[in-house]
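Student: Please find one structure pasted underneath; my questions will follow.
The values are calculated or read from the model by the stated rules, or taken from the named source; none is laboratory data. Just so you know, these numbers come straight off a predicted model, no measurement behind them. Using ideal geometry, Cβ is built from the backbone for each residue, glycine included, and neighbour counts are taken over all protein chains shown. Keep in mind that these areas ignore ligands, DNA and RNA; they rest on the heavy atoms of the full protein, side chains included. Shrake-Rupley method; radii C 1.70, N 1.55, O 1.52, S 1.80 Å.
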Amino acid sequence: MLLTMRSGDRPKLGNVRIEGRRISALGAIEPRTGDEILDCSGCVILPGFIQTHIHLSQTLFRNTAENLSLLDWLEQRILPFEAAHTPESVAVSTELAVAELFLSGTTTGLTMEAARHTESVLEIVARLGLRAIVGRSLVDRAGRVANSPESVPVAIGNVQRLKQKWHGQADGRIEICLAPRFALGCSETLLREVAKMAAADGLRIHTHAAENYAEIDQVQRETGLGNIEYLDSLGVLGPSTFIAHCIHLKPGELDLLAESKTRVLHCPTANLKLGSGIAPVPEMLAKGISVSLGSDGAACNNALDMFREMRLAVLIQSGRLGVGHLNAMTALEMATRKAAEALGKEDEIGTLEVGKLADIVVIDLNRPNTCPAEDIVAAIVFSATPQNVRHVFADGRQVVSETALTEIDLGGLLPKAQESLSDLQARAKRQP
Ligand SMILES: [Zn+2]
């Protein structure tokens, strides 16, 4: 069964042919001599999921930062842990993230990493095959929820260097973005410089805003503005700007997002986990705002599983507004085609079409948790879990085969991750 995710397409019988990095045929395909054929009976073939907000280097912090709200979570756990990262621990964290992403059908990520050791992230992502737009956190203010500040020229210079070395690498699979962490970590000067560099160099901006009441109150006290109003006043909004959360908005801020065509990144699990709230996604969609999905980080989720995000995105709106305000197909579109459109990659990924890159997930619905799959979209969004992911292709390369990773050795990786976390916690304790 094929679900191309092209607008209006329904599930239909058919297969996919992959040649090199791309899809070369779709539908009723006659096998040719030499074809390698994968059995996909009982399965639905979909475009790979696209997560637009992840922190790969926080994956090692999974299950270490419980029962904390955003600012305490940052101050007590995440920032000290990020400061204790080494190139090796970032590499282990990234490999663990990619293993989980592939096993749960995600093939593309827009990421925000710690301020240090971003090259470790890029090296692992380049080697393992994830399509990724990677940003290093930019922070130039010191304070309770901002550490390792850099001067603005140093911060911008570091991004310039990453861009020169990595932007467009791995056949265009790797890109660099500008990732000012959030208003409480960034000065006005830094945010203005980010907007300038983004415009001059054609880079995306990836940031957080309007997530938590304490964060919003502090920005309001300091600037007299809401988070989105503040970013607007500095020229940061626009179609190449991606803002995670946008939970608590003033009425006019929804219009600012819509008018500027700024992209919203919705992270339902993380928003509930940190007690932040529920983003008004149906209201955003009604205004034509682009909304796509991300798991945020394993330190506030505690998984990187798109099935959970799609499911929860629907359920929390049903709980908030009643059923029918956000349906399963809308969530699946936010996880595929709409995310590709947000990233400006709709000609390459997000749907299954001849000529597009072969980022593909094969989901086995012939399992007890998804059977009967009478409504295939409901089965994917509400019933399926990563255990239903049978095969995954990323850029034409098979990264999951018969539910197992093809290139990552979990037997070696998992104990290494556990050990790496213990070492990192010991380093974090020794910090002043
Ligand atoms: Zn985040």
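Student: Show log10 I(q)/I(0) for the range 119-278 at q = 0.15, 0.19 Å⁻¹, two decimals, from a solvent-free Debye sum over equal Cα scatterers.
Tutor: The Debye formula, applied to the Cα set alone, gives -0.82, -1.26.
Student: Could you point to the residue in Ile349, Ala299, Leu315 farthest towards the positive end of the range 279-357's charge dipole, with +1 and -1 charges on the Cβ of Lys/Arg and Asp/Glu respectively?
Tutor: Result: Leu315.
Student: A further question follows. For the chain, give the magnitude of the charge dipole about the Cα centre (Cβ charges: +1 Lys/Arg, -1 Asp/Glu; no others), in debye to the nearest 20. Don't skip to the end; give the middle numbers.
Tutor: Numbers: 43 positive and 52 negative charges, 48 e Å.
About 220 debye.
Student: Let me ask something else. Determine the equivalent ellipsoid of the range 116-197 by diagonalising the alpha-carbon gyration tensor, then write out the semi-axes as square roots of 5 times the eigenvalues, largest first, rounded to whole Å. It would help to have the intermediate numbers written out before the result.
Tutor: Numbers: eigenvalues 122, 34, 19 Å².
Three semi-axes, in Å: 25, 13, 10.
Student: If you roll a 1.4 Å probe over the heavy atoms of the protein chains, what accessible area per residue do you get for the chain, in Å²? Don't jump to the answer; show the numbers that get you there.
Tutor: Working: 16320 Å² over 432 residues.
On a per-residue basis, 38 Å².
Student: Still on this structure, please answer the following. If you count the DSSP beta bridges with both ends in the chain, what percent of them are antiparallel, to the nearest 5? Spell out each step's value before the answer.
Tutor: Details: 22 of 53 bridges.
In the chain, DSSP labels about 40 percent of beta bridges as antiparallel.
Student: Tally up the carbon and sulfur contribution to the accessible surface of the range 282-353 as a whole percent, 1.4 Å probe, everything protein left in place. Spell out each step's value before the answer.
Tutor: Numbers: 1060 of 2300 Å².
Looking at the range 282-353 in its full context, I get 46 percent from C and S.
Student: In debye to the nearest 20, how big a dipole does the range 1-77 give about its Cα centre with +1 on each Lys and Arg Cβ and -1 on each Asp and Glu Cβ?
Tutor: On the way: 9 positive and 9 negative charges, 58 e Å.
The dipole magnitude comes to about 280 debye.
Student: Next question, about the same structure. Quick one: plug the Kirkwood hydrodynamic radius of the range 13-102 (C-alpha pairs) into Stokes-Einstein at 20 °C, 1.002 mPa s, and report D in µm²/s.
Tutor: Roughly 126 µm²/s, to the nearest whole number.
Student: Would you mind estimating how fast the range 281-432 diffuses translationally, via Stokes-Einstein at 37 °C and 0.692 mPa s with the Kirkwood radius over Cα pairs, in µm²/s?
Tutor: In µm²/s, the coefficient is 183.
Student: In addition: Just to confirm my understanding: which cysteines in the chain have no other cysteine beta carbon less than 4.7 Å from their beta carbon?
Tutor: By the Cβ distance rule, which asks for a partner under 4.7 Å, the isolated cysteines are Cys177, Cys186, Cys246, Cys267, Cys300, Cys371.
Student: Considering the alpha-carbon set of the range 232-359 alone, what are its Rg and its Dmax in angstrom?
Tutor: Cα radius of gyration and Dmax of the range 232-359 are 14.6, 43 Å respectively.
Student: Using a 1.4 Å probe, how large is the accessible area of Ile29, given in Å² and rounded to the nearest 10?
Tutor: Roughly 40 Å² of Ile29 is accessible to a 1.4 Å probe.
Student: Given a 1.4 Å probe and every protein chain left where it sits, what share in percent of the accessible area of the range 185-281 is carbon and sulfur? Present the calculation step by step, with values, prior to reporting the outcome.
Tutor: On the way: 1760 of 3390 Å².
Accessible surface attributable to carbon and sulfur in the range 185-281 totals 52 percent.
Student: Sorting Arg263, Arg10 by accessible area (1.4 Å probe), largest first, what list results?
Tutor: Working: Arg263 50, Arg10 145 Å².
Ranking Arg263, Arg10 by accessible area, largest first, yields Arg10, Arg263.
Student: Eigenvalues of the Cα gyration tensor times 5, then square-rooted: what semi-axes does that give for the range 359-413, in whole angstrom, largest first?
Tutor: On the way: eigenvalues 115, 33, 12 Å².
Taking √(5λ) for each Cα gyration eigenvalue gives 24, 13, 8 Å.
Student: Tell me which of Leu79, Ile23, Leu38 sits at the most positive position along the dipole axis of the chain, charges placed on C-beta atoms (Lys, Arg +1; Asp, Glu -1).
Tutor: Leu79
Student: Okay, next question. Debye calculation, C-alpha points only, no solvent: report log10 I(q)/I(0) for the range 287-326 at q = 0.27, 0.30, 0.32 Å⁻¹, in the same order as the q values.
Tutor: -0.95, -1.00, -1.02
Student: With each run of n ≥ 4 DSSP H residues scored as -39500 (n - 2.57), what mean residue ellipticity at 222 nm is computed for the chain after dividing by its residue count and rounding to the nearest 500 deg cm²/dmol? Please report the intermediate quantities before stating the final value.
Tutor: Working: 15 runs with 157 residues, N = 432.
Counting only the DSSP helices, I get -11000 deg cm²/dmol.
Student: Now, a different point. So for the range 36-150, Kirkwood radius off the Cα pairs, Stokes-Einstein at 37 °C and 0.692 mPa s: how many µm² s⁻¹?
Tutor: Values: Rh = 15.4 Å.
D, rounded to a whole number, is 213 µm²/s.
Student: Return the Rg/Rh value of the range 203-269, two decimal places, where both radii are evaluated on C-alpha atoms and Rh is the Kirkwood radius. The partial results should precede the final answer.
Tutor: Working: Rg = 11.0 Å, Rh = 11.8 Å.
Checking Rg against Rh, the ratio lands at 0.93.
Student: Output the peptides 34-41, 184-191 sorted from most to least packed, where packing is the average of other Cβ atoms within 10 Å over each peptide's residues. Mind showing how you got there, number by number?
Tutor: On the way: 34-41: 10.4, 184-191: 19.9.
Final packing ranking: 184-191, 34-41.
Student: I'd like the carbon and sulfur percentage of the solvent accessible area for the range 359-408, probe radius 1.4 Å, heavy atoms only, ligands and nucleic acids excluded.
Tutor: Using a 1.4 Å probe with all protein chains present, the range 359-408 comes out at 48 percent carbon and sulfur.
Student: Can you tell me the mean projection area, over all orientations, of the convex hull of the chain's alpha carbons? Units nm², please.
Tutor: Numbers: hull surface 79.4 nm².
Computing the convex hull of the Cα atoms and averaging its projections yields 19.8 nm².
Student: Right, next: Give the relative contact order (percent, whole number) for the chain; include only Cα pairs under 8 Å separated by 6+ residues. It would help to have the intermediate numbers written out before the result.
Tutor: Values: 922 pairs, mean separation 95.6, N = 432.
Reported as a whole number, the value is 22 percent.
Student: Once the whole set of protein chains is in place, how much accessible area is left on Ile376, using a 1.4 Å probe, in Å² to the nearest 10?
Tutor: 30
Student: Of the peptides 386-398, 290-302, how do they stack up when ordered by the mean number of other Cβ atoms within 10 Å, highest first?
Tutor: Numbers: 386-398: 21.8, 290-302: 25.8.
Taking the mean over residues of other Cβ atoms within 10 Å, the ranking is 290-302, 386-398.
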